[in-house]
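Working notes for the structure below.
Nothing in this text is a laboratory measurement; each read-out follows from the coordinates by a stated rule. Everything numeric here is computed off the predicted structure, so don't read it as measured data. Quick reminder, even Gly has a Cβ in these numbers, built from the backbone with ideal geometry, and neighbours come from all protein chains shown.
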Amino acid sequence: MKILSCHIDAFGAMRDRSFPDLDAPVVVVEGSNEAGKSTFFHFLQTMLYGVYPVREESHPYAPRDGVRLGGRLSLEAGNGGPYTVSRLLRSTVTGDFAGPDGRSEKLGNRNVRFMHISRDVYQAIYALSLYDLVALQDKEKAWQRVQDRLVGGLGVDFIRPIREVVRQIDAEASALWRPDLRGNSESKRIDARQKILKQEMREAKVRDQELRDLTGEVEQYEREDRELREERARLRTEKHRIERLRPIRNHLQGIADAWREAGDQEELVGLQDDPGATLEEIARKIVELDNERQQLESEREVAGCVLAAVEAGAGFDLNMPSDNPYDGLLRDRKRAEDELQGAERALIEQARDMLTAAWDDGFADALERIAPAELRERINRFENVQRAADTRRQAEETQKQAAAMQQASEPDAGALRKTFRNQAMLAGLLLLGACVAVALGSMELAIGLGVAGAGFGYMAWQARTQARRTPASPTAPFAAGRPLEEIEADVAARRADVRELMAGLPVPDSRFDRPDMALVSEVRSFQDAVGARRTAQERLAQRMGELQAMARREESRIAEAHRDLAQECASLETEQDALKERLRELGGGDPEEGIRLVSARKRARQLAETLEEKLATDYAGEDMAKARQEIETLDRQGAAWDAADEEAIAVNERLAALDEEINALTEKRTAAGKDIENRSAQPTRAALESEQEQLESELDVVKERHDRLRLLQHIVREADRRFREEHQPDVLQRASGYVQTVTGGRYERFDYDEDERLRVYPARDSQHSSHVRPWSVEAPLSQGTLDQMYLAIRFALIDHLDEDQESLPVFLDEVFVNWDRERRARCYDIFSEAAVRRQVFVFTCHPWLAEEMEQALSAKRILL
Amino acid sequence: MFRFLHLADIHLDTTFLCRSESLRARLRDALRRAFERAVGTAIAEKVHAVLIAGDLFDNQRLSFVTEEFLLEQLRRLDAAGIPCFYCTGNHDPSGRPPRSGNMDWPDRFQIFGESRPASHMIKNASGEPLACIVGAGHKTSEEGANLAASFPKAESHVPHVGLLHTQVTSAKEAADHDRYAPCAVEHLQGKGYAYWALGHVHKRQRVADDPEAWYSGNIQGRHPGETGAKGGLLVTIRDGGRVETEFRAFAPIQWAEIVLDDLEDAHTVDDVRRRVAADFSAQAGKDAAEAWMLRVRLAGRTPLAQELRDPVQRQDLEDSLCSALDDVLEVEVKADQVAPVVDVDKHRGEPHSLGSVLDLLDGIREGRENLNDLIPPDALARTFDSEEEREAYLHSLLRDLDSEAAYRLLREGAA
């Protein structure tokens, strides 16, 4: 088939372009980049195969300016021509195909009938681009792809290499299942789990039987346990009867017996437990009361004596018992009496010292009338006047003497001053010592030293006074003043004042010659003695009063006690009589028997109560009512209460043994229960078989997936084998022809080795004709050689596809741009040979290449 | 009036198919709860009897714990004065009891274990007959005889109820079950029975209306194929002979299956998720169930074939569906039958490997090629008893293999 011409109405950027001169074996379409080479190629393909895609908006070459995609193409087929194809893209694609006879047929969007292969295949095989050759630069895998694509897949590039596909399927299938169980296939994993499950199922079966056995054991344990517990309950009842109820019952019986012996206690109300003792006690009390009465009589006599002594006012030498209640008061009275006597003695002695007459109580009033302060005042006044008189007198005397002793010295004045100094110094020392004693806390010493100091002070003052007087006026004239007589009269008056104050007291007159302060002290002392005597008298009177009051109280008390004793005695005697009467009655006329019976019944009652208390204590917490009920029930049932101790021991021993047996059974049952629990928690056969079935199901799926993949793998391999068988020999034969041509006979033919690797045979030479070794079509063959071989195979493939069909045009796009002249020249040879059978379109942007091909191949140049 | 609860195919301690052991345990528990509910319903409804039409047990798999459970439930019935009639089936034939040794059946538990039919008259409190239960059981696990044919004719006016584990050949989904004790509907007719309580086929259905003959179905679905509500039939035979049946659901867990085979327009996994959710909502709205086990079967050509075949993406889809759908315990997505969207036809007859593969596949389908010759026996994981079986199996694998082949052979973007 050959394209003769075409007209592009609209296709991509091309509008209304005509290419009338395409009728040549080799057409070189020349144009710069973006000139429309690709658009032109796709237009030709669209004319031959139809518009695809059919939707205008998605067609890459559909004009965007509203013009419809379309055009015409004229071609010549093997059977002649020309044929015309026209297509137009509207809402649908319309197409017409007209033959040389002018008859037209609706083509629609179908391909032109001469295009005997699909668009995809055509595009993949008949259009060769620079990329196809550049891809061969990857020396590692390039020729493997060449083989798979060109030879294995007849050149289509959208089919993955069969070997790759088969390898992938094989890997996927092997990951699922392998007949030899090698590797880690899914089925192997499932198989491993199934093996474990089988073992677990066997164990589950055994476990289930063990569960049943264990349950049987537990039931047996429970039966035995029930029996043992029943026996234990029975024995515990017996033990209860023997150990608990029997003592209670005995106790209760003892209580009942005691109460029976105690009889009606109402009869004994008011009687003591031992009436004999009661009688004796009453008699003893009566005797005691009598003794007490005698004692009271004695006390009454003492009280009478005391009263009599008090009233008599003297004579207290009473003969009284030692423990009488008056002892204290009598001693006080004696002491007061002694004190009074002492005071009186002191008063008498005082009177004897001061008075001219013996003491008479009549002096007491005169003495007490003297106020010591008044007396001191009057004495002071006297002393002042007296001193004045003395001074006046002395002055006069001195004046008189001075005259006499005018030449005489004054030895006395000097001595006096010296005496003054000595005494003053001593007084100072003593006062200082007193102060020291005060500081040391010795008050007695301080007082002593103070008094002594004061004494020496006074003496010093006297000496000084005298000394002053002495030198006063030994020679001075007598001072003028009151006359001595007047002064002495005044002295007498002051002395009379003192005497007046002490009137009523027989004080000697000499005592008033020169009354001084000592008189005051004496009066005071006298007054004190009188006071002391009066106080002693009052105290004695008070003691006497107290004695009298006490004696009277005693008399009253004794009288009252006497009455009480009499009443008590009478009461006791009444009680004694009544008791004897009741005892006589109870004793059937014999009081002694009565005493014995009462004592016995009282003891019985005490015993009963003691037993009851003991019962309550010993069985505290015991439901006694229930115990009594049980005892009564057992009594009604005629239970034996007289079991021997050996029986009780046997019961206890058996109970202990039962406890042990029950405990042992409980342990066994618990252990079995735990075993049951543990085993029940383990998976059952159903659970394991569920997993087993699940695994079976998964294994089925895995196997089916594997088998499907394996089937696909075999089908693909078989199809590939058939395909190769059908196509490869012819392709290889044609390729061999081409390779001889382009290599100038250096290589003769292609074939495949056992591993389906493409090989090329170099030409035989005369020397080694029988030993030609093929070369693998790969490095180290030169890149140029490999390119030639590629083209050879490609053209062989195209020839093969066109076998017995139309020879379809071939499109080459910049295939030779990177080739050197020599390589291009060899390829032109292939073109020349190929162009004999088919039209070749070469697209290039290089004018030099277009020109070279024009010359070498007589190609027609089309400029875009 | 005679009222009874018709149960069948309880399959105690049966196996459950799902991937998680915890869910299998839950399903086992669900089966027990279903039976417990059935017993509770019988007591609450004060039925005169409970009839179990075979396969109470599942082979010799009865565990001790399940046995204890069963006996406890039967004792509940016994304590309520309700007799229970049970005929053996192919999974629990009388010749191969569920466990060795005798079980401690309650007094009112009656077993029909012989292939020769036996009768048992049920009477009311005053001793008047209420109904006659006629039953026969399987002696072996492969009972081939038509047991229904040997059932005697009703001899009195007391309503007769036939109790049998059988495959009525015309029943729906009968082919899914082994052909044991087979019979035809006519074998159930003409005997004057008021009702046939049948077991074996797990799909609840009425197989005849004169007389009424029902499969009650099993009480808890066991696998994704046993979809729909499961339970028992509360049957009332009125004095005039009129039979009323009322389905009572007992299964706590219901299986559901959603098949999506038109995913050509699904472009994201989210599209698939939405489709499944919508379909499930529609299905769940029809049947009330406490919990669901959902299987999603994806098939046909879809642009998502590659994603859906990817275990990780499939797991994501399952997880997201499980969390999105209410009360769904597990979602299993089966995508082994999805195929990529490939325009296979345009490659047919083309001069390349794919064209050759497609030619070969066409040749296989058209019988021009022998599949057994294409792949050696040891290349397959499955084993077969015959060439025919192998070939049939291989043919079953051809589904969508064209697309699969094209998908694998074509370069990315070339499809």
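Report, for chain A, the % of DSSP beta bridges that are antiparallel, rounded to 5.
Approximately 70 percent, going by the DSSP bridge assignments.
Fully extending the segment from A:Arg821 to A:Ala561, taken as 0.36 nm per residue of separation minus the present Cα-Cα distance, adds 76.0 nm.
Using C-alpha positions alone, give me the convex hull volume of the range B:345-409 per residue in cubic angstrom. Walk me through the intermediate numbers first.
Numbers: hull volume 6.1 nm³, N = 65.
Once divided by residue count, the hull of the range B:345-409 is 94 Å³.
Go through B:Ala305, B:Leu329, B:Ala282 and say which Cα lies farthest out towards the positive end of the charge dipole of the range B:253-339; charges sit on Cβ, +1 for Lys and Arg, -1 for Asp and Glu. After comparing all options, I get B:Ala305. Shielding value for A:114-122 is 3, the average number of Cβ atoms from other chains within 10 Å of each residue's Cβ. Cross-link check: pairs A:Lys198/A:Lys674; A:Lys2/A:Lys106; A:Lys239/A:Lys602 evaluated at a Cα-Cα cut-off of 28 Å; pairs beyond the cut-off: A:Lys239/A:Lys602. Seen against the Cα atoms of chain A and their longest principal axis, helix A:443-469 is set at about 60 degrees. Label point of B:Asp336 set 7 angstrom out along Cα-Cβ; within the range A:664-703, amide nitrogens under 13 Å from it belong to A:694-703. Converting phi to 3J(HN,Hα) with the Karplus coefficients 6.51, -1.76 and 1.60 and the offset θ = phi - 60°, the range B:381-388 yields 7, 6, 10, 9, 8, 8, 5, 5 Hz in sequence order, with x at every glycine or proline.
Length gained on full extension, A:Ser91 to A:Thr535: 143.2 nm, using 0.36 nm per residue less the C-alpha separation.
Based on the mean of other Cβ atoms within 10 Å per residue, sort peptides A:7-20, A:684-697 so the most packed one is first. Numbers along the way, then the final one.
On the way: A:7-20: 17.3, A:684-697: 21.1.
With the highest mean Cβ count within 10 Å placed first, the list reads A:684-697, A:7-20.
Each residue of the range A:605-620 was assigned a 3J(HN,Hα) from its phi angle through the Karplus curve 6.51 cos²θ - 1.76 cosθ + 1.60 (θ = phi - 60°); the sequence is 5, 4, 4, 4, 5, 4, 5, 5, 4, 4, 4, 5, 6, 5, 10, 4 Hz, with glycine and proline shown as x.
Counting only residues at least eight positions apart within a chain, or on another chain, the lysines with an alpha carbon under 29 Å from that of B:Lys230 are B:Lys46, B:Lys139, B:Lys172, B:Lys203, B:Lys286, B:Lys334.
Would the range A:713-820 count as rounded, prolate or oblate if I go by the C-alpha gyration tensor, calling it rounded below 1.5 in a/c and otherwise prolate when a/b exceeds b/c, oblate otherwise? Here the range A:713-820 falls in the oblate category. Using the Cβ-Cβ distance between A:Ala308 and A:Asp509 with R0 set to 60 Å, the FRET efficiency from 1/(1 + (r/R0)^6) comes to roughly 0.70. Shape analysis of the range B:2-249 yields a ratio of the Cα radius of gyration to the Kirkwood radius, Rg/Rh, of 0.94.
Rounded to the nearest 10 degrees, the inclination of helix A:821-834 to the longest alpha-carbon principal axis of chain A is 60 degrees. Taking a quarter of the surface of the Cα convex hull of the protein assembly as shown gives a mean projected area of 146.6 nm². Summarising the label geometry, the points placed 7 Å from Cα in the beta-carbon direction at A:Ile662 and B:Ser20 lie 4.9 nm from one another. Database remark: amide H of A:Asp813 closer than 5 angstrom to the amide H of A:Leu128, A:Ser129, A:Leu130, A:Phe843 (H placed geometrically; neighbours at sequence offset of 5 or more, or on other chains; Pro and chain starts carry no H). With a simple spin-label model that places each label point 7 Å from the Cα along the Cα-to-Cβ direction, the separation between B:Arg206 and A:Ser776 comes to 7.8 nm. Summing Cβ point charges (Lys, Arg +1; Asp, Glu -1) relative to the Cα centre of chain A gives a dipole of roughly 6300 debye.
Using the Cβ-Cβ distance between B:Asp316 and A:Asp170 with R0 set to 25 Å, the FRET efficiency works out to roughly 0.30. Across peptide A:716-727, the mean count of Cβ atoms from other chains lying within 10 Å of each residue's own Cβ comes to 5.
Under 1.5 on a/c is rounded, so check that first for the range A:522-655, then, if it is not, pick prolate when a/b is larger than b/c and oblate when it is not; a ≥ b ≥ c are the square roots of the alpha carbon gyration tensor eigenvalues. Let's see the in-between values first.
Working: a/c = 7.07, a/b = 2.56, b/c = 2.76.
Here the range A:522-655 falls in the oblate category.
For helix A:327-354, report the angle its Cα long axis makes with the longest principal axis of the Cα atoms of chain A; keep it between 0 and 90° and round to the nearest 10°. The angle comes out at about 60 degrees. Between B:Arg274 and B:Asp239, the FRET efficiency estimated from the beta carbon spacing at R0 = 60 angstrom works out to 0.65.
In the range B:203-360, what percentage of the DSSP-assigned beta bridges are antiparallel, given to the nearest 5?
Details: 11 of 29 bridges.
In the range B:203-360, DSSP labels about 40 percent of beta bridges as antiparallel.
DSSP beta bridges in the range B:106-174, what fraction antiparallel, as a percent rounded to 5? Restricted to the range B:106-174, the bridges split so that about 60 percent are antiparallel.
Neighbouring Cβ atoms from other chains, within 10 Å of the Cβ of residues in B:341-351, number 3 on average.
Taking the centroid of alpha carbons for each part, the range B:328-342 and the range B:15-56 are 30 Å apart.
With the charge dipole of the protein assembly as shown set up from +1 on Lys and Arg Cβ and -1 on Asp and Glu Cβ about the Cα centre, the Cα lying farthest toward the positive end among the listed residues B:Met121, A:Thr844, B:Thr245 is that of A:Thr844.
Based only on other Cβ atoms within 10 Å, what is the fewest-to-most ordering of A:Met624, A:Met502? Display every interim value, and only then the final one.
On the way: A:Met624 14, A:Met502 21.
Ordered by Cβ neighbours within 10 Å, fewest first: A:Met624, A:Met502.
Here the residues A:Tyr761, A:Tyr126, ranked from fewest to most Cβ neighbours within 10 Å of their Cβ, fall in the order A:Tyr761, A:Tyr126. Can you list residues from other chains, or at least 5 along the same chain, whose modelled amide H is less than 5 Å from the amide H of B:Arg297? Answer set, sorted by chain and number: B:Ile258, B:Val259, B:Leu260, B:Lys334.
Each peptide in B:192-198, B:234-240 was scored by the mean count of other Cβ atoms within 10 Å over its residues; highest first, the order is B:192-198, B:234-240. Extending 7 Å from Cα along the Cβ direction at B:Asp261 and again at A:Cys435 yields two label points whose distance is 14.6 nm.
Charge dipole of the range B:2-249 (Cα centre as origin; +1 on each Lys and Arg Cβ, -1 on each Asp and Glu Cβ, all else neutral): 380 debye, rounded to the nearest 20. Could you list, bin by bin from short to long, the percent of Cα-Cα pairs of the range B:278-385 in 5 Å steps? P(r) for the range B:278-385, in whole percents per bin: 2, 10, 12, 13, 14, 13, 10, 8, 9, 6, 1, 0.
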